[in-house]
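A short write-up of the structure that comes next.
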Amino acid sequence: MPGKRYSNRVKFVFQLNDLVVLNLSYFISTFVTKYNSDFLSNQKQIILILFLNLLWVILTSFGNIYAIRRVIKIDEEIKRSFFVLLFHFLITTLIVFFSKQFVFTTSEKISFYVIFATSLVFWKIISLKFLKLLRIKGFNYRKVVIIGGGIVGNQIQSFLKSDHSFGFQYLGVFDNNPNNCMNKNEVVGNINDFKTLALNQQIDEAFIALPNSAKHEITDVIRFCDANAIRIKIVPDFMLYIKPKVDLDFYGSIPIIVLHNEPLENLGNRFIKRSFDIIFSLFVVILILSWLIPLLAILIKIDSKGPVFFKQKRTGADNHDFDIIKLRSMKMNSDSDKVQARRGDKRVTRLGSFLRKSNLDELPQFFNVLIGNMSVIGPRPHMLEHTTQYSALIKGYMVRHFAKPGLTGWAQVNGLRGETKETEQMEARVQHDVYYIENWSIYLDNKIVVRTILNMLKGEENAF
């Protein structure tokens with residue numbers, strides 16, 4: 001089957017190019033740190049190069065990062081490569097430390113991995129976009145059909161035709177009762193006709209979109225596909241009632257559908273996010289807060305009576321309360337735990353107005369991040385009063401507490417911050433927060449950080 005054979009060639013090209021990138025990165029890093037290109041004359045250097053290549057081949061084989069997926073998500077592909085790169089770094093560090101067979105100084109190692117990581121990201125983006133272009137041009141395709149019409153069949157049909165970069169050559173719908181099909185023009189025959197076409201056209205994949213009641217037809221199609229090496233994709237008829245992103249787990253042999261896909265349930269992802277939180281927060285605390293907080297503390301004391309810091313109970317991950325830390329921006333009042341700040345709020349001090357508009361009042365929350373009850377990126381934590389209020393009004397509100405709250409989040413960089421006068425405004429926030437939880441990636445976190453900084457520099461309309 002041409003589509004499959006071509007996929008194998010693409011996989012080989014990806015593997016080969018990663019090794020080329022690795023070796024070029026090593027050559028450049030060695031030249032930068034040693035200022036010469038004579039390292040190939042050193043036997044230990046040659047052994048090290050061979051080791052780095054062999055280790056990368058072994059790790060990528062286990063990591064399965066060259067699987068050619070139909071629906072390409074570049075950020076997920078980069079994340080998989082970074083996992084392998086992290087293990088490559090750790091294993092190399094241990095081997096070099098305990099073995100005398102390698103010459104790899106700290107400066108050489110850091111230089112190599114920085115150049116390799118940067119080059120790898122650049123190569124992945126270019127190569128995956130090129131693969132999408134190849135598919136649009138008609139290469140690296142899969143011949144596919146749909147068994148079963150109706151709403152479910154129509155939805156998968158629309159998806160297959162929506163983007164040619166998926167590499168699907170869609171041949172039509174097969175159903176024993178064409179009247180079941182919403183789009184009768186797409187019906188090319190009954191299920192027996194599918195069998196004939198599948199053999200003549202060398203079909204690669206069949207999407208079964210029949211209802212559960214059609215057990216006989218489903219069983220018959222599965223047996224035929226298994227006997228003729230045709231891959232089967234079953235689209236359940238209850239998909240209309242579940243969200244676009246779910247996880248499938250198994251309790252023994254029982255399939256369990258988990259409605260909310262949570263990347264941060266993965267231990268490796270939590271390690272990456274926590275490492276990012278600690279490194280980023282320490283950077284801010286040491287280089288910025290160490291001198292800025294004392295300066296702002298003096299100004300706050302001069303501007304109004306009261307403490308420098310303001311603590312308040314907020315709802316955190318898994319619905320556990322915690323004390324959030326902020327620079328005080330209001331006069332002392334009894335409504336701070338109940339009433340949101342609004343435009344022209346008389347409780348806000350003169351200095352507090354500047355602190356709130358510039359987001360400087362939030363800076364002490366980097367200590368919350370270091371403690372571990374917050375993250376740099378996540379849903380903004382709400383007052384306990386508002387958690388009680390909105391959980392009763394908004395469907396799925398409490399889902400936002402599946403993740404640690406953050407200093408900034410996907411909702412905030414999309415303009416959803418400040419006072420929420422209408423329930424619809426909070427619903428929009430919740431939708432963005434749930435999207436973040438279900439689509440987390442280190443790429444998305446960095447994107448939010450950059451957009452937050454840009455918003456702070458240009459000023460935000462809803463910051464008051």
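Where a number appears in this text, it was derived from the coordinates with a stated rule and is not lab data. From a predicted model like this one, the values you see are computed outputs, not experimental measurements. Cβ sites come from the backbone with ideal geometry, for glycine too, and all protein chains shown count toward neighbours.
Which peptide among 11-19, 201-209 comes first, and what is the full order, when sorted by highest mean count of other Cβ atoms within 10 Å?
201-209, 11-19
Rounded to whole Å, give me the distance from the Cα center of region 192-208 to that of region 353-420.
Going from one Cα centre to the other spans 52 Å.
Using +1 at the C-beta of Lys and Arg and -1 at the C-beta of Asp and Glu, which of Gly148, Leu171, Val235 has the Cα lying farthest in the positive direction of the dipole of region 142-241?
So the residue we want is Leu171.
By the scheme Lys and Arg +1, Asp and Glu -1, what is the net charge of all other residues having a beta-carbon under 13 Å from that of Asn446?
In short, +1.
So, with +1 on the Cβ of K and R and -1 on the Cβ of D and E, and no other charges, what is the size of the charge dipole of region 142-241 about its Cα centre, to the nearest 20 debye?
I would put it at about 100 debye.
Any chance you could check the Cα centroid distance between region 89-130 and region 306-334 for me, in angstrom?
Cα centroid of region 89-130 versus Cα centroid of region 306-334: 43 Å apart.
Answer rounded, prolate or oblate for region 267-458, using the Cα gyration tensor with square roots of eigenvalues a ≥ b ≥ c: rounded when a/c is under 1.5, else prolate when a/b is larger than b/c, else oblate. Intermediate values should be presented prior to the final figure.
Details: a/c = 1.69, a/b = 1.17, b/c = 1.45.
The shape class here is oblate.
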